[in-house]
Amino acid sequence: MKKTNKKKLEEFIRVDHAGERGAIKIYEGQLLALKTFKKDPELLKLVEEMREHEQEHSDFFENEIRERNIKPTKFLPLWDLLGVGLGFGSTILGKKAAMLCTASVEEVIDKHYQSQIDQLQDDEKKLREKIKKFRADELEHKDIAYEHGATKKGLYSVMDKIIKTGSKIAINISEKI
């Protein structure tokens, strides 16, 4: 039986832990904006529901970090701050921007998770199945975001590129450090 490379496996778990925690922080920033400046009860409920999915994902990777004795990324405090800022800032710009933030991040995560699924060997069936489930949840979030106003038209295309670039940079750093 072919085994998953240990170093690769640690990178997968470290970056997924950081990413799911980052998603929670983005939603927390959005919720902060929605509870203080942008009153939109429908969007508030939607964001709270998506945050719950992310909490399930984060809890799983938090447990994996502990059980496998993997060091989390040293950048967690920075990612927390940037996540809250991104969520808050995108929501202050309006519903379309808030939903685009979700869609853009989820599009990067879709490819990221698929790459991991393709690389995990049979010795990591449980992890591969969890990542498949989480990927499906993320794709659902992306679809919800587009159903609720996300767009890449006009200046939103610039925002999309910035968010995706930032997400990819955070992934690359979190895998290694």
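Output the qualifying pairs, or none if there are none: Cβ atoms under 6 angstrom, residues six or more apart or on different chains, first residue in the range 137-152 and within 14 Å of L43 (Cα to Cα), second residue among the polar types (S, T, N, Q).
H141/T102; A145/T102
May I ask you to say which residue of K125, K132 is closer than 22 Å to D59 by Cβ and modelled with pLDDT of 95 or more? Walk me through how you get there before you give the answer.
Values: K125 fails: modelled with pLDDT of 95 or more.
K132 is the lone residue from the list that is closer than 22 Å to D59 by Cβ and modelled with pLDDT of 95 or more.
Within the range 1-45, track down each residue that is among the basic types (K, R), in contact (Cβ under 8 Å) with a residue 12 or more places away in the chain and part of a helix (DSSP H, G or I). Steps first, please.
Restricting attention to the range 1-45, the residues satisfying the condition of being among the basic types (K, R) are 2-3, 6-8, 14, 21, 25, 35, 38-39, 45.
Those left that are additionally in contact (Cβ under 8 Å) with a residue 12 or more places away in the chain: 2-3, 8, 14, 21, 25, 38.
Scanning the range 1-45 gives K8, R14, R21, K25.
Residue-by-condition table, conditions (1) surrounded by fewer than 18 Cβ atoms within 10 Å (Cβ to Cβ); (2) within 18 Å of the chain's Cα centre (by Cα); (3) β-branched (V, I, T):
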{"site": "F12", "(1), (2), (3)": "no, yes, no"}
{"site": "A18", "(1), (2), (3)": "no, yes, no"}
{"site": "I26", "(1), (2), (3)": "no, yes, yes"}
{"site": "D40", "(1), (2), (3)": "yes, no, no"}
{"site": "V47", "(1), (2), (3)": "no, yes, yes"}
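Conditions: (1) farther than 18 Å from D80 by Cα; (2) buried (at least 17 other Cβ atoms within 10 Å of the Cβ). A170 meets all but one. Number of the miss?
(1)
Are any of the residues in the range 64-72 more than 19 Å from I144 (Cβ to Cβ), in a helix (DSSP H, G or I) and in contact with a helix residue (DSSP H, G or I) (Cβ under 9 Å, 6 or more places away or on another chain)?
Filtering the range 64-72 down to residues more than 19 Å from I144 (Cβ to Cβ) leaves 64-72.
Within this subset, residues satisfying the condition of being in a helix (DSSP H, G or I) are 64-67.
Those still in the list that are in contact with a helix residue (DSSP H, G or I) (Cβ under 9 Å, 6 or more places away or on another chain) too: 64-65.
There is at least one residue in the range 64-72 that is more than 19 Å from I144 (Cβ to Cβ), in a helix (DSSP H, G or I) and in contact with a helix residue (DSSP H, G or I) (Cβ under 9 Å, 6 or more places away or on another chain).
Give the residue that is surrounded by the fewest Cβ atoms within 10 Å (Cβ to Cβ), with candidates limited to residues of the range 87-132 that are more than 18 Å from the chain's Cα centre (by Cα) and of a type in the set (D, E).
D118
Are there any pairs with C-beta distances below 9 angstrom linking a residue in the range 91-107 that is more than 13 Å from S167 (Cα to Cα) and free of Cβ contacts under 8 Å to residues at least 60 places away in the same chain to a residue that is small (G, A, S) and assigned to a helix (DSSP H, G or I), with the two at least 6 apart or on different chains, and if so which?
Hits for this filter: I92/A33; I92/A98; M99/S90; M99/A145.
So which residues in the range 7-48 are charged (D, E, K, R) and closer than 13 Å to F61 by Cβ, if there are any at all?
We begin by selecting, within the range 7-48, every residue charged (D, E, K, R); these are 7-8, 10-11, 14, 16, 20-21, 25, 28, 35, 38-40, 42, 45, 48.
Once the filter is applied, which keeps residues that are charged (D, E, K, R) and closer than 13 Å to F61 by Cβ, the range 7-48 yields E10, E11, R14, D16, E20, R21.
Taking the range 134-155, which residues are more than 14 Å from the chain's Cα centre (by Cα) and either surrounded by fewer than 14 Cβ atoms within 10 Å (Cβ to Cβ) or in a helix (DSSP H, G or I) (or both)? Let's see the steps before the verdict.
If we filter the range 134-155 for residues that are more than 14 Å from the chain's Cα centre (by Cα), which is where we start, we get 143-144, 146-155.
Across the range 134-155, the qualifying residues are D143, I144, Y146, E147, K153, G154, L155.
Hey, among the residues in the range 47-80 that are free of Cβ contacts under 8 Å to residues at least 24 places away in the same chain and not charged (D, E, K, R), which one's farthest from D143 (Cα to Cα)?
Filtering first and then ranking leaves N69.
The values are calculated or read from the model by the stated rules, or taken from the named source; none is laboratory data. Note that this is a predicted model, so its numbers are computed, not measured. With ideal geometry, Cβ positions are generated from the backbone for all residues, glycine too; neighbour counts draw on all protein chains shown.
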